[in-house]
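These notes concern the structure reproduced below.
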């Protein structure tokens, strides 16, 4: 017997991309450049690599069953980072939980904290990171897609949610900076959502894994926990109904380390820890040690951010005459409007220039006949500027040539 909830899952975007491209062939001999996958390619911090390669320490660490709660040193390093970066005071013993990468945590938090009651809803942006949708469906809830439309500056528009829908919502996922839009949620927008969470009794899950990649020092991404610390008159517990998720993948170019954390509401953290104790997904001791070092250092993060700023400046100069571009407020994607249908754009770009990008159609959902809007990803592609500067400039020049020849 199969879990019937699995039948509700849609193919992952990269499966759909392979199917879209299965009959596409590049014949001109250009080297392939992938701009479709948000996998950081900048070098990992050398001090992390050295720590992982320390044979004596590794021998000791491999002989330890790691604690699900994480080491005291790791939780303290994370707490110190939250204080330095966001001015947030957290108790490392009760309000922070290391996780095995934010992808698994963003999924499993729904399994741990949702009721499974019939008719329950989970709000999420549209377009989105598809883990949110799968998490809701497999926890027995229905996704409620919140439009992030071009005509609204790609901001999340909560105005169309009815009171009865708010009553049914148990969790809302937000992502700031947004994937794929690069849009930031302001402190005021987060405060308004927290107010609704208290009014209607739901949890806010904030995916902040791109928070350290930003392009204007006067507009730095804030954290949901920052907003929560400003909320109310002291009548609610600290960070009540709020959870923030962070990762070393983008911040520190360590996607293979599978290391992140969740912080926030003490009661929700306790419930989630109880789930994870049974789930058996504790981060290994040597990964915890390496993560402690990474969260304790900021110089490599500043260098990484500078590399992305230089790349965006270079590729934007090349592409701006040919495409309707918006500089993202954060993240490493251009959410780029296409002069033709995004699916056809992706196919023809691969055939003529040997470049892959992610069609926006695969990152959004069409709400069906009678809906107020169609799939908000249509007419866009997500371009991930994760490769080195040379490859990104070459790719931008090919994209410009492609536009000239359309």
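The values are calculated or read from the model by the stated rules, or taken from the named source; none is laboratory data. Since the structure is predicted, the reported quantities are computational estimates derived from the model, not experimental observations. Every residue, glycine among them, receives a Cβ derived from its backbone with ideal geometry; neighbour counts consider all protein chains shown.
Identify all residues within the range 162-174 that are within 23 Å of the chain's Cα centre (by Cα) and either closer than 28 Å to residue 4 by Cβ or not assigned by TED's automatic domain parsing to the domain that holds residue 189 (or both); write none if there are none.
169, 170, 171, 172, 173
Go through the residues of the range 8-24 one by one and say whether even a single one is closer than 29 Å to residue 225 by Cβ and surrounded by 15 or more Cβ atoms within 10 Å (Cβ to Cβ). Show your work before the answer.
First, pick out the residues of the range 8-24 that are closer than 29 Å to residue 225 by Cβ: none.
Scanning the range 8-24, I find no residue that is closer than 29 Å to residue 225 by Cβ and surrounded by 15 or more Cβ atoms within 10 Å (Cβ to Cβ), so the answer is no.
When we screen 30, 37, 82 for residues that are part of a helix (DSSP H, G or I) and either in the same structural domain as residue 304 (by TED's automatic domain parsing) or at pLDDT 95 or above (or both), the only hit is 82.
Here is a yes/no grid of residues against (1) surrounded by fewer than 19 Cβ atoms within 10 Å (Cβ to Cβ); (2) within 23 Å of residue 330 (Cβ to Cβ):
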residue: 88; (1), (2): no, yes
residue: 102; (1), (2): no, yes
residue: 126; (1), (2): no, yes
residue: 134; (1), (2): no, no
residue: 150; (1), (2): yes, yes
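Counting only residues that are in contact with a strand residue (DSSP E or B) (Cβ under 8 Å, 6 or more places away or on another chain), touching a residue at least 40 places away in the same chain (Cβ under 8 Å) and closer than 14 Å to residue 6 by Cα, how many does the range 130-153 have? The number of residues fulfilling the criteria is 2. Within the range 93-102, one or more residues are in the same structural domain as residue 269 (by TED's automatic domain parsing), at pLDDT below 95 and part of a helix (DSSP H, G or I). Looking only at residues of the range 289-347 that are part of a helix (DSSP H, G or I) and free of Cβ contacts under 8 Å to residues at least 24 places away in the same chain, we find that the one that is farthest from residue 98 (Cα to Cα) is 344. All conditions but one from (1) under 30 Å from residue 237 (Cβ atoms); (2) buried (at least 17 other Cβ atoms within 10 Å of the Cβ); (3) out of contact with any strand residue (DSSP E or B) (no Cβ under 8 Å at 6 or more places or on another chain) apply to residue 44; the one that does not is (1).
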